[in-house]
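Provided herewith is a single structure, encoded as structure tokens, for subsequent inquiry.
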Amino acid sequence: MTNLQLLNALLYVAEHGCKWRGLPKQMGNWHTIYTRMNRWSKAGVLDRVFARLQEEQILAIRIEGVCLDSTTIKVHPDGTGALKKVVPTPSDVRGAAAPPRFIWLPRMLGAP
């Protein structure tokens, strides 16, 4: 897979709002695309690529980080229907020290 194919797949997901598994077969294996995108994202490559594309006015895109997990959205204890635990479990302690989870969510703004 070339870098251009990867960028086209990323833009397809951003424009259509589909899941990775929903990518058309001609774009390549969705897992390969997701794995490279994840690696590039962690290394800061995607930020640099999209910044450069916007500088050259080739692409208008806004990247948002959305954080949704159990530490963000809490349900009132009465809403769960269960008794509240008094002693913290090991998973509660691990969750407090873990880094927040997020979803990389690019949005197409339109043609420049």
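None of the figures in this text is laboratory data; all of them are computed from the coordinates on show. Owing to the predicted nature of the structure, the values given are computational and were not obtained by experimental measurement.
Which cross-chain or sequence-distant (5 or more) residues have an amide H under 5 Å from the amide H of Ala60, H modelled 1.01 Å from N in plane?
Here Leu109, Gly110 satisfy the definition.
On to the next question. List, in order, the whole-Hz ³J(HN,Hα) value for each residue of segment 33-40 obtained from phi through the Karplus relation with A = 6.51, B = -1.76, C = 1.60 and θ = phi - 60°; use x for Gly and Pro.
5, 4, 4, 5, 4, 5, 4, 5
By its C-alpha gyration tensor, with a ≥ b ≥ c as the square roots of the eigenvalues, how is segment 10-55 shaped: rounded for a/c under 1.5, else prolate for a/b larger than b/c, else oblate? Write out the running numbers ahead of the final one.
Details: a/c = 2.54, a/b = 1.53, b/c = 1.66.
It is oblate, given that a/c is not under 1.5 and a/b is not larger than b/c.
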